[in-house]
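The structure appears right after this line, and notes come after that.
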Amino acid sequence: MHKFIPYVFKSLWRHRARTLLTVSGTAVALLVFCFIGAVQQGLLALTSGDDAGRTLIVFQENRFCPQSSRLPQDYAGDIKKLSGVADVVPIKVFTNNCRASLDAIVFQGMEPEKLRAWRDLDLRSGDWASFSTQDDAALVGADVASRRGLSVGDKFTIGDVSVVVRGVFQSATAAQNNLIFTQLEFLQRARGASDVGTVTQLEVHLNDTADPETIAKQIDQAFRAGPVGTTTRTKGMFQADTLADLAELIGFVHWLGYACVGLVLSLVATTTVMAVQDRIKEHAVLQTVGLRPLRVFGLVLTESLLLSTLGGVLGVVGSMLLLSLTGMSIAAEGVTIAFEPSLALAIQGVSVAVVVGVLAGVAPGWQASRTEIVSALRHA
Amino acid sequence: MSLVEVSNVTKEYANGEETIRPLDGVSLTIEQGDYVSLMGASGSGKSTLLNLIAGIDRATSGEIVVADTDITKLSRGKLADWRAAHIGYIFQTHNLIPVLTAYENVELPLLLLPMSAAERRKRVEIALEAVDLTSRATHYPRQMSGGQEQRVGIARAIVANPTVVVADEPTGSLDDETTEQILQLLERVNNELGMTLLMVTHDADAGSRAKRRIRLERSRLIENGKELQTATLRTA
Ligand SMILES: Nc1ncnc2c1ncn2[C@@H]1O[C@H](COP(=O)(O)OP(=O)(O)OP(=O)(O)O)[C@@H](O)[C@H]1O
Ligand SMILES: [Mg+2]
């Protein structure tokens, strides 16, 4: 069979305009497919995993946008005393855009030592020392840095907040690459004196044996009578709740992913059907020469497989490049979903293209192999 | 045993209410090294008979034995393998594969046989040499004249050294001069390469060049004024 591969390539090349259109159509569809997959993976990463299930987020009751949640910072001390609580991290969040946006800037103010302890940041440039000692220092996630063209020493201003970049970091947690970390006190003061002593949220880390739900209840119970009520959820639930609207949208977009697969199927099948109709006589000649019907079937299948796989690989490679170079993300209410390209997604994309290529070739291949030689030879 | 034995073959086509029967119990034997021409009116069933012997069509009844194989009993796949090994088919219009060069077109039948690349190369070169087209090996069909294309078609038909070479009006669409070239070439295939040849033709001159001349009339085969009988009857 491999001896006929050059023939298949030459046949594709002979109709290069048609081949090119089919391949590029397939590539675009697979590109969209991978983008959708990347968003879904990003969303999944936020709501699953160890951290999402075993870390609690304390937020002000009935508040949504980070700007509107103002918890007294000394709640941290009270929560720390609960049994099962390992550590409490006060965080001030500031974002320039609370609605869903592709270019929202999210600041998180944290105490430097807590930041270092609870976030796995790998500094690509800059250093921890100048971050901890300088008041207006910021550590910028790699994706924000590349999106906004920031590097160490740059001054960066969003609204009332003005920082100097003291480091650019890369984190294994993709969503973090879209954050900018500052010192807690700095972010508290940046937006006027009224914010001093308040935080947006408290991140509660638990001991291995503690039950997250019990402790969440205890926390909310404890502050029910206090000046500010709280809502405590696991980090996963907090993020899922915050992104509920977006998640619904992403769930819908998921169907578009299937639509892309359908599109590729009909595109490649149409081209293959046309190729078979063009070559009714040619296939009859091949059979006369002695090609088995099954081999004719194989030739058609190979052709459709090549078209689809070629387009698929182009689309997948293109999307992976785009995704990793642009570091795209979508954020709402201070929580970011990173578009996560991954090897698994790439393999999934190429597999889809391969399977679709085979499926698209079955009917035309069968038709070509079943043609009566004599009547096909009479064909003009 | 003759090389080709067609016994009592009938071919029917159902055409709505009526049945067309271009071949009605015909018999024919062809010996190794024969050069047989088959003539007859248009629509008399010449191509039908040729296609049955070439194994690309199925008889309604009767037996066709070629080189000891009853090809009417073979499955589609087996029949394809058999064609690859035993039949060289020369079409009226060359029917070359447009995306392949002359060389690749001639090589095509050899790809289906167990053969080393070196052996393939040697055979293709010999076949192209035989039709005097060595210099056109890398040309595509659209870059060649009708006569040259037909010669490539002949090279493709003989390259695998088949048991029988069949030709359906091989000169049907060529001018006189080219027709003469092709007929001489076919004679050489028969004389010098010793291949058995069955040629369907409309052209009386072409037909008379063959060693044996058979006519198909009213669904019967006639040679030298007598109807051909089955092999067993004939020897009796
Ligand atoms: N698939 C078919 N269905 C119905 N009738 C057919 C079919 N194929 C051939 N025939 C009929 O069978 C008869 C013989 O056809 P065939 O092609 O063998 O004739 P021929 O002698 O080769 O004619 P020509 O010299 O014009 O090529 C014709 O009457 C033709 O119409
Ligand atoms: Mg005919």
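The values are calculated or read from the model by the stated rules, or taken from the named source; none is laboratory data. These figures come from a predicted structure and were not determined experimentally. Here the Cβ is made from the backbone with ideal geometry for all residues, glycine too, and neighbour counts use every protein chain on show. Each accessible area value is taken on the protein alone, full model and side chains, heavy atoms only, with ligands, DNA and RNA left out. Shrake-Rupley method; radii C 1.70, N 1.55, O 1.52, S 1.80 Å.
Summary value for chain B: 30 percent relative contact order, contacts being C-alpha pairs under 8 angstrom separated by 6+ residues.
3J(HN,Hα) along the stretch A:56-64, derived from phi through the Karplus expression 6.51 cos²θ - 1.76 cosθ + 1.60 where θ = phi - 60°, amounts to 9, 10, 9, 10, 5, 3, 6, 10, 10 Hz, with x in place of Gly and Pro. Each principal axis of the stretch A:244-380 carries a Cα extent, and these read 71, 25, 21 Å when sorted largest first.
The residues of the stretch B:13-117 have, on average, 37 Å² of accessible surface per residue, using a 1.4 Å probe with all protein chains present.
Its DSSP H runs of at least 4 residues, each contributing -39,500 (n - 2.57), put the calculated 222 nm mean residue ellipticity of chain B at -9500 deg cm²/dmol, to the nearest 500.
Over all pairs of different C-alpha atoms in the protein assembly as shown, the reciprocal of the mean inverse distance, the Kirkwood hydrodynamic radius, equals 30.5 Å.
With 30 Å² as the minimum drop in accessible area between chain alone and full protein complex (1.4 Å probe), the qualifying residues in the stretch B:38-64 are B:Ile56. So, R0 is 45 Å and r is the distance between the beta-carbons of A:Thr214 and A:Val354; what FRET efficiency does that work out to, to 0.05? Using R0 = 45 Å, I get an efficiency of 0.40. Taking the helices alone, chain A has a mean residue ellipticity at 222 nm of -18000 deg cm²/dmol, built from -39,500 (n - 2.57) per DSSP H run of at least 4 residues and averaged over all its residues. In straight-distance terms, cross-link reach from B:Lys226 covers every one of the aspartates and glutamates whose alpha-carbon lies under 12 Å from its own, apart from those fewer than eight places away in the same chain; here that gives B:Glu217.
What the phi angles of the stretch A:70-77 give under the Karplus curve with 6.51, -1.76 and 1.60, with θ = phi - 60°, is a coupling list of 9, 9, x, 5, 6, 4, 4, x Hz, glycine and proline written as x.
Given 25 °C and 0.890 mPa s, how large is the Stokes-Einstein diffusion coefficient of chain B in µm²/s, with Rh as the Kirkwood radius over Cα pairs? Reported coefficient: 134 µm²/s.
The residues of the stretch A:131-226 expose on average 42 square angstrom of accessible surface per residue, using a 1.4 Å probe on protein heavy atoms.
In plain terms, the C-alpha convex hull of the stretch A:163-307 casts an average shadow of 18.2 nm² when viewed from every direction.
Taking a ≥ b ≥ c as the square roots of the eigenvalues of the Cα gyration tensor of the stretch A:187-258, is the shape rounded (a/c under 1.5), prolate (a/b larger than b/c) or oblate? It comes out oblate by the Cα gyration axes.
Across the accessible surface of the protein assembly as shown, with the other protein chains kept in place and a 1.4 Å probe, carbon and sulfur atoms take up 55 percent.
Here is the result for the stretch B:147-184: no GluC sites (Glu not before Pro) lie in DSSP coil with at most 13 other C-beta atoms within 10 angstrom of their C-beta. I'd like the antiparallel share, as a percent to the nearest 5, of DSSP beta bridges with both residues in the protein assembly as shown. Antiparallel bridges make up about 70 percent of those DSSP assigns within the protein assembly as shown. In the stretch A:279-309, comparing the full protein assembly with the chain on its own, the residues that lose 50 Å² or more of accessible surface at a 1.4 Å probe are A:Val285, A:Thr288, A:Val289, A:Gly290, A:Arg292. Couplings 3J(HN,Hα) for the stretch A:237-250, derived from phi with the Karplus relation 6.51 cos²θ - 1.76 cosθ + 1.60 (θ = phi - 60°), are 5, 4, 5, 5, 5, 4, 9, 3, 4, 4, 4, 4, 4, 5 Hz, where x marks Gly and Pro. Under the combined filter of DSSP loop state and at most 11 neighbouring Cβ atoms within 10 Å, the stretch B:156-236 retains these trypsin sites (Lys or Arg not before Pro): B:Arg218.
Within the listed set B:Asn161, B:Asn51, B:Asn191, the residue fluctuating most in the Gaussian network model of chain B (springs between alpha-carbon atoms under 10 angstrom) is B:Asn191.
Measuring against 26 Å, Cα to Cα, the residue pairs B:Lys73/B:Lys122; B:Lys11/B:Lys78; A:Lys281/B:Lys211 contain B:Lys73/B:Lys122; A:Lys281/B:Lys211 as the ones spanning a longer distance.
Between chain B and chain A, the total buried accessible area stands at approximately 2400 Å², from heavy atoms with a 1.4 Å probe. Based on Cα contacts under 8 Å between residues 6+ apart, chain A shows a relative contact order of 29 percent. Annotation: amide H of B:Gly40 within the under-5 Å range of B:Leu216, sequence separation 5 or more or interchain, hydrogens built in the peptide plane. Short-range pairs are left out: with C-alpha atoms under 8 Å and at least six residues apart, the relative contact order of the stretch A:62-228 is 33 percent. Among A:57-66, A:151-160, B:95-104, sorting by the average number of other beta carbon atoms lying within 10 angstrom of each residue, highest first, gives B:95-104, A:57-66, A:151-160. The alpha carbons of the stretch A:62-228 stretch over 45, 33, 32 Å along the principal axes, in descending order. Seen from a random direction on average, the alpha-carbon convex hull of the stretch B:131-220 projects onto 6.7 square nanometres.
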